[in-house]
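The values are calculated or read from the model by the stated rules, or taken from the named source; none is laboratory data. Keep in mind that what you see is a predicted model, and the values were worked out from it rather than measured. Cβ sites come from the backbone with ideal geometry, for glycine too, and all protein chains shown count toward neighbours. Each accessible area value is taken on the protein alone, full model and side chains, heavy atoms only, with ligands, DNA and RNA left out. Shrake-Rupley method; radii C 1.70, N 1.55, O 1.52, S 1.80 Å.
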Amino acid sequence: MKTIIEPFRVKVVEPIKMTTRAERERYLTDAAYNLFLLRAENVIIDLLTDSGTAAMSADQWSALMRGDESYAGSRSFYRFEEVVRDIFGFKQVIPMHQGRAAERILFSVMCRTKGSIIPNNTHFDTTRANIEYLGAEAVDLPIPEFYQPAVKHPFKGNMDADALEQFIERVGPGSIPLVMLTVTNNSGGGQPVSMANIRQVKAICSQFGIPLYLDACRFAENAYFIKLREEGYANKSVKEIAREMFSYADGCTMSAKKDGLANIGGFLCTNDDQLAQQEKDLLILTEGFPTYGGLAGRDLEAIAVGLEEVLHEDYLQYRFASIRYLGEHIAQEGVPIVQPPGGHAIYIDARSMLPHIPLLQYPGQALAIELYREAGIRSCEIGSVMHAEHSETGEEMPSAMDLVRLAIPHRVYTQSHIDYVVEAIIAVFDRRESIGGYRIISQPKFLRHFTAKFEPLPKLSDAKEVHRHEKAASHTERALSHSHPPDSREL
């Protein structure tokens, strides 16, 4: 059959609150035009993230009932550990409440030398923030095609291996405690990393004695891309490909809220016993005992099931098809997207779609707001708001791209929901010239996109009209100032 159907049936449903445009306008004002600050109940289609938003399976819900909530030595931990070792292959498995906790502990232990630098294909928001919070530097080294949204490349998430080698030679390996690869590469379209690139990066790291870590939160999607696109892998299972990916790494961080198909959880892995002990010591201080790591036993059980289910190829085939469907249908109407479509989301190139909005008036944020205003769709800006950059003098500079991510939660929405999203995007695209920019009125020091507050700026047409009236008023004032007062005899 040509039609790829959902390889599951719906057992439980959650009602969606339908809102009016006037209501959504009020919700936007109350949230200071930050979609993170909206109440979820006021969102019709929530594509903010695929992290922790999956619909769990019947087997996962059943597994919750097996949860052993013992403080230490829980059998749920050993079940979880067995599954992680089977797929990822690492000796030491340390549970965490989510991926950013794994990042924080990893970098706290590894970045103890002043001036530490962590290269990556591209750091995502919390990864970069956890590095910079410690006073270290996060450096992105993607291939050139990464910064060209319309250019198609089968493995656009690859790291520029030549640039990595040159960078290590320039700063010295002593400044680099580890190199990371994010699979898939979330910041630029959910693009995959090839096995050849992983091997090449590992060879460079080995040459300089630097450990390689994978940010593995979408490992199954990356492995499936390799199966579909890389020569020599068509007849291998996704699990076999995943195991090979991790065989080249010295460790990994993992948010199980993505390809773990769970609503909470993550882990940190390594083959270094001494390093693992330091990480466990910090874990006990900030997260919990090493056999629960801030998670309930039932969460460990749900993750163990989810990690096995995400490797089912009929599911991955369906997921890729549904995301590709969204991308192809809006692209054929002229909407600029990151090509080719990624594994977990479609990314609209807001900078290309809204060229009339100045870059520091945040075209990505403007587009995301407009999608919510139009149809109650919540998306995520990945651009100059999220990835704020500053010059040496502290002046804000635009990021390399301004994208809007439409992340599809696992097993949540149906074909009609996606069709609704397509219609809404096309409607906004058709009136794109009427969309104006925004400015930030308050923001935190780190991860500003989560809590920053915005206000709208006059639209381009409005600004021109205001300028015209101001100019006319100025001419009138000058004319009056240069005219002579009337003679008293004329009064």
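Could we say that Gln200 is free of Cβ contacts under 8 Å to residues at least 40 places away in the same chain and surrounded by 18 or more Cβ atoms within 10 Å (Cβ to Cβ) here? Yes; evaluated as a whole, the condition is true for this residue. Taking the stretch 1-57, which residues are open to solvent by 20 Å² or more (accessible area, probe 1.4 Å) and of a type in the set (Asp, Glu)? Within the stretch 1-57, Glu6, Glu14, Glu23, Glu25, Asp30, Glu41, Asp46 meet the criteria. Gly342 satisfies every condition listed in (1) touching a residue at least 60 places away in the same chain (Cβ under 8 Å); (2) of a type outside the set (A, V, I, L, M, F, W, C); (3) touching a Leu at 6+ places or on another chain (Cβ under 9 Å) except (3). Number of residues in the stretch 411-426 that are among the acidic types (Asp, Glu) and surrounded by 18 or more Cβ atoms within 10 Å (Cβ to Cβ) equals 0. Among the residues of the stretch 202-216, the ones that are touching a Phe, Trp or Tyr at 6+ places or on another chain (Cβ under 8 Å), of a type in the set (A, V, I, L, M) and either within 20 Å of Thr113 (Cβ to Cβ) or part of a helix (DSSP H, G or I) (or both) come to 1 in all. Checked against the criterion of being farther than 27 Å from Asp125 by Cα and open to solvent by less than 30 Å² (accessible area, probe 1.4 Å), the stretch 225-237 has at least one qualifying residue. Select from the stretch 397-441 the residues that are hydroxyl-bearing (Ser, Thr, Tyr) and in contact (Cβ under 8 Å) with a residue 40 or more places away in the chain and write down the one among them that is nearest to Pro456 (Cα to Cα). So, considering only residues that are hydroxyl-bearing (Ser, Thr, Tyr) and in contact (Cβ under 8 Å) with a residue 40 or more places away in the chain, the one nearest to Pro456 (Cα to Cα) is Tyr438. Only residues that are surrounded by 24 or more Cβ atoms within 10 Å (Cβ to Cβ), of a type outside the set (Ser, Thr, Tyr) and either assigned to a loop (DSSP other than H, G, I, E, B) or free of Cβ contacts under 8 Å to residues at least 60 places away in the same chain (or both) were counted across the stretch 183-197, and they come to 5. Against the condition aromatic (Phe, Trp, Tyr) and assigned to a strand (DSSP E or B), how does Phe246 come out, does it pass? Judged against the criteria, Phe246 is not a match. Among the residues making up the stretch 268-283, none is within 27 Å of the chain's Cα centre (by Cα), of a type in the set (D, E, K, R) and open to solvent by 20 Å² or more (accessible area, probe 1.4 Å). Within the stretch 150-172, does at least one residue satisfy the condition of being β-branched (Val, Ile, Thr) and closer than 30 Å to Ala331 by Cβ? For the stretch 150-172, residues β-branched (Val, Ile, Thr) and closer than 30 Å to Ala331 by Cβ: present.
Taken over the stretch 284-315, residues that are open to solvent by 40 Å² or more (accessible area, probe 1.4 Å) and hydrophobic (A, V, I, L, M, F, W, C) amount to 3. Return yes or no: is Glu392 of a type outside the set (S, T, N, Q) and over 16 Å from Val428 (Cα atoms)? Against the criterion (of a type outside the set (S, T, N, Q) and over 16 Å from Val428 (Cα atoms)), Glu392 qualifies.
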